[in-house]
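The next block holds one structure in the form of structure tokens; read it before the comments.
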Amino acid sequence: MSDDKANLERAREAFRSVTYPGFPRDIVTLGMIAGLELLDGRVRVNLRLPGGRTEPPDDLRRDMEAALAPLGLACEIRTAAPAASPPAGASRAAPTPEADLLPEVRAVLAVSSAKGGVGKSTVSTNLACAFAAAGFATGLLDADVYGPSLPILMGTEERPKAAGGNQFHPVVRHGVKCISMGLFLDEKSPVIWRGPMVAGLLQQFLRDCVWGALDVLVIDLPPGTGDTQLTLAQQVRLDGALLVTTPQEVAVRDVVRGLRMFAQVQVPLLGVVENMSHFRCPACGAEEALFGHGGGERVAEASGLPLLARVPVEPDVRAHGDAGEPIVCAAPDSEAARIFHELATTVGERIGLGAARTSAPHA
Ligand SMILES: Nc1ncnc2c1ncn2[C@@H]1O[C@H](COP(=O)(O)OP(=O)(O)O)[C@@H](O)[C@H]1O
Ligand SMILES: [Mg+2]
């Protein structure tokens, strides 16, 4: 290998220690390095920045320079043209988040999962109820139009009331303003949606729903980390996202896919929630790992993402959910409820929720 080539390899390796502000993985893994050249002891880096940015953040510039300093190399940063700038794996240019769709919402949190049935809706509803219980004005948007479970889990079949024009009011339940396709459907309606319809529908839920002033809006995204989810994530300014998995489903590959997807829309993936992670014996209190140990930890270690919570398998989580009373409301002293409250606190800190601004509505 020539010296130049070896130096470029060393530079690339050094950049593996540099993270993009707000993203938990390094800029090499996120595909932000479009090219490296060596010119008279300088490494010229062609950077693809997320969100169509043309200037690297100051922190990033400083960290990249610091990474090369021990190699005796200077760092010159160029940015790739924004139109061709999404990180690796992107299929289109980065979006312009339509922040003005939700001018009165302080923070938007997306709850995602690689697969269905892992408890994404259970986590979404309990988190929303925990935020509301902590005094935050909270909304819950069920964007999973293929499997809307909000009506069952929150225990409401109330139809959203018209608010003039195309607008409608969310339904308030357990102190949370709720909207779901399930609230508009009757038993005879077909639930066959094509991609573009789904995107249009979510936009309506954001634009035409009279959310009013909210501290936090929780969005229960459809399962998967593909194009549909990416489109949905592009419809709104998201402040952070969670990835829900179970110990059996936990796969580094899925987490990295989720990371890439959210990186494309400049959304920080805050961490992993391992659901149905263990079972606590009601008789002796011992913790039993039904599906093996350490799945979440392994993923956290490999992906650099924090494991934010481990929610036990608890028959009451399912029973209260099926009865329309999330466990956070029905059994606030249970272990699962405590874990959801802690998760809400952790997540609230990370998305900059601070103190409650408005008092939650009641119903
Ligand atoms: N921690 C848990 N303990 C027991 N049952 C759970 C738990 N989390 C979810 N469930 C149950 O598993 C099923 C799937 O959960 P759900 O939240 O609907 O998943 P998803 O939205 O990912 O498809 C539901 O019947 C739910 O009650
Ligand atoms: Mg669901």
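Since every read-out is calculated from the coordinates, none of them should be taken as a lab result. Please read all numbers here as calculations on a predicted model, not as lab measurements. For neighbour counting, all protein chains shown are included, and Cβ atoms are generated from backbone atoms with ideal geometry for every residue, glycine included.
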Exercise for review: Compute the distance in nm between two label points, each set 7 Å from the Cα along the Cα-to-Cβ direction, one at R10 and one at C281.
Suggested key: 5.7
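Got a sec? How would S334, S303 order by Cβ neighbour count within 10 Å, fewest to most? Write down the numbers at each step before the final one.
On the way: S334 17, S303 23.
Exposure proxy ranking, most exposed first: S334, S303.
Once fully extended, how much extra length lies between E349 and A162, figured as 0.36 nm per residue of separation less the alpha-carbon to alpha-carbon distance?
Working: separation 187, 0.36 × 187 = 67.32 nm, distance 3.48 nm.
Value of the extension gain: 63.8 nm.
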Check your understanding: Residues in segment 267-286 near a label at A319, defined as backbone nitrogen under 19 Å from the 7 Å Cα→Cβ point?
Key -> 276-286
Review point. Plugging the Kirkwood radius over Cα pairs into Stokes-Einstein for segment 99-350, at a temperature of 25 °C and a viscosity of 0.890 mPa s, what D comes out in µm²/s?
Key: 135
Practice item. Go through 229-240, 55-66, 120-131, 150-161 and give me the packing order, highest mean Cβ count within 10 Å leading. Key: 120-131, 229-240, 150-161, 55-66
Point to revise | Hz values of 3J(HN,Hα) by residue in segment 106-123 - Karplus curve (6.51, -1.76, 1.60), Gly and Pro given as x | key: 6, 9, 10, 10, 9, 10, 10, 7, 6, 10, x, x, 8, x, 4, 6, 5, 5
Check your understanding: What's the extension gain from A69 to S17 if we count 0.36 nm per residue and subtract their Cα-Cα distance?
Key -> 17.4 nm
Point to revise | Partner aspartates and glutamates for K161 [C-alpha distance under 18 Å; skip if fewer than 8 residues away on the same chain] | key: D142, D186, D208
Point to revise | Under-5 Å amide H pairs with G175, H placed in peptide plane, nonlocal only | key: A363
Revision key, fill the gap. The answer for the net charge of residues other than V111 whose Cβ lies under 11 angstrom from its Cβ, with Lys and Arg +1 and Asp and Glu -1, is -2
